[in-house]
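A.B. asks: One structure, as structure tokens, below. Some questions next.
The values are calculated or read from the model by the stated rules, or taken from the named source; none is laboratory data. Note that this is a predicted model, so its numbers are computed, not measured. Neighbour counts run over all protein chains shown; Cβ positions are idealised from the backbone, glycine included.
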Amino acid sequence: MDNIFEVIEERSSIRKYTDEPVSEEMCRTLIEAALKAPTATNRKEIHITVVGKDNPVQAEIQNDLDPDRKGSFYYDAPLTFYLSAEEDFGWSDVDAGIAVENMHLAAKALGLGSVILGCMKKVLNGEKKEEYSKKLAFPEGYTFRIAIAVGHPDTEKRRHDFDFESSVTVI
Ligand SMILES: Cc1cc2nc3c(=O)[nH]c(=O)nc-3n(C[C@H](O)[C@H](O)[C@H](O)COP(=O)(O)O)c2cc1C
């Protein structure tokens, strides 16, 4: 699927994956999609940490977030990409959002599924921020912004509905 409008139309957040690994080539394509995204003043401050499903740091994060949760909040996706950015750059959240959406759409175009993940922000930017920033190998002075879990989809989901009229005002 390589038509952008088709990708946008068909995209949805995927929360069930097969065990099939994501190839190194696909992984690289996704990272490049993020790095090709625009950034404010062309700062290019986004850093990406690639974490495999079995890396113990994921279980640790989940345990700190919600020890009672039954399923994985990574939905057992084979890979999760953590986007970090300069702590003091005012546009970092916007830049990370644009970069992660590029990855989400690129994943769809490659026949993969993905879900953007923000739920771990509370833990990664909380009192254990320093510890987790080291464990996730964020560059010095960088903090967590957003993550995206990626894998081969084991489910089909149509895109969400929206209400054009109430979402738009022409003045
Ligand atoms: C900034 C952001 C954070 C999100 N965080 C999570 C999350 O932590 N867990 C999750 O399951 N989905 C998360 N999502 C996915 C949304 O729940 C999803 O996009 C929304 O329900 C609409 O569904 P759709 O993407 O399938 O259209 C996040 C999406 C965005 C944009």
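A.B. asks: Might you check whether a residue that is crowded, with 22+ Cβ neighbours inside 10 Å, modelled with pLDDT of 95 or more, of a type in the set (S, T, N, Q) and within 19 Å of I14 (Cα to Cα) occurs anywhere in segment 90-100?
C.D. replies: The first filter runs over segment 90-100 and keeps only residues crowded, with 22+ Cβ neighbours inside 10 Å, leaving 92, 95-96, 99-100.
Next cut, modelled with pLDDT of 95 or more only: 92, 95-96, 99-100.
Going one step further and asking which of them are of a type in the set (S, T, N, Q), we end up with 92.
Retained after the next criterion (residues that are within 19 Å of I14 (Cα to Cα)): none.
Among the residues of segment 90-100, not one is crowded, with 22+ Cβ neighbours inside 10 Å, modelled with pLDDT of 95 or more, of a type in the set (S, T, N, Q) and within 19 Å of I14 (Cα to Cα), which makes the answer no.
A.B. asks: Quick check: anything in segment 34-57 of a type in the set (A, V, I, L, M) and over 21 Å from H104 (Cα atoms)? Give the steps one after another, and end with the answer.
C.D. replies: At the first step, the residues of segment 34-57 found to be of a type in the set (A, V, I, L, M) are 34-35, 37, 40, 46, 48, 50-51, 57.
With over 21 Å from H104 (Cα atoms) added as a condition, the list becomes 57.
Yes: one or more hits.
A.B. asks: Checking the condition in contact with a Pro (Cβ under 7 Å, 6 or more places away or on another chain) and more than 11 Å from the ligand (Cβ to nearest atom), which residue from G141, G151 passes?
C.D. replies: Values: G141 fails: in contact with a Pro (Cβ under 7 Å, 6 or more places away or on another chain).
So the residue among G141, G151 that is in contact with a Pro (Cβ under 7 Å, 6 or more places away or on another chain) and more than 11 Å from the ligand (Cβ to nearest atom) is G151.
A.B. asks: Also, I was wondering about something else. Among the residues of segment 11-43, how many are within 30 Å of D54 (Cβ to Cβ) and in contact (Cβ under 8 Å) with a residue 12 or more places away in the chain? Spell out the reasoning first.
C.D. replies: From segment 11-43, those within 30 Å of D54 (Cβ to Cβ) are 11-37; that's our starting set.
Still in the running and in contact (Cβ under 8 Å) with a residue 12 or more places away in the chain: 11-22, 26-27, 29-31, 33-37.
Number of matching residues: 22.
A.B. asks: Across segment 120-152, which residue is surrounded by the most Cβ atoms within 10 Å (Cβ to Cβ) among those that are under 22 Å from L30 (Cα atoms) and of a type in the set (V, I, T)?
C.D. replies: The extreme case among them is V150.
A.B. asks: Return a yes/no flag: does segment 5-21 have any residue that is exposed (fewer than 10 other Cβ atoms within 10 Å of the Cβ) and over 18 Å from the mean Cα position of the chain (by Cα).
C.D. replies: Narrowing segment 5-21 to residues exposed (fewer than 10 other Cβ atoms within 10 Å of the Cβ): 5.
If we keep only those that are over 18 Å from the mean Cα position of the chain (by Cα) as well, we get 5.
Yes, there is a match, as at least one residue in segment 5-21 is exposed (fewer than 10 other Cβ atoms within 10 Å of the Cβ) and over 18 Å from the mean Cα position of the chain (by Cα).
A.B. asks: Suppose we keep only residues that are touching a residue at least 40 places away in the same chain (Cβ under 8 Å), outside any loop (DSSP other than H, G, I, E, B) and of a type in the set (A, V, I, L, M, F, W, C) within segment 1-10. Which one would you say is nearest to the ligand (Cβ to nearest atom)? Don't jump to the end; show me each part of the working.
C.D. replies: Of all residues in segment 1-10, those touching a residue at least 40 places away in the same chain (Cβ under 8 Å) come to 1-2, 4, 7-10.
Adding the requirement that they be outside any loop (DSSP other than H, G, I, E, B) leaves 4, 7-10.
Then keep just the ones that are of a type in the set (A, V, I, L, M, F, W, C); that gives 4, 7-8.
Numbers: I4: 17, V7: 13, I8: 11 Å.
Among them, the one singled out is I8.
A.B. asks: Report, ordered by the first and then the second residue, all pairs with beta carbons closer than 8 Å, sequence separation of six or more or different chains, a first member in segment 105-125 that is closer than 27 Å to P67 by Cβ and in contact (Cβ under 8 Å) with a residue 24 or more places away in the chain, and a second member that is small (G, A, S) and surrounded by fewer than 20 Cβ atoms within 10 Å (Cβ to Cβ).
C.D. replies: S114/S13; V115/S13; I116/S13
A.B. asks: Which of the residues spanning segment 58-86 are exposed (fewer than 15 other Cβ atoms within 10 Å of the Cβ) and away from the ligand (no atom under 13 Å from the Cβ)?
C.D. replies: Result: A59, N63, P67, D68, K70.
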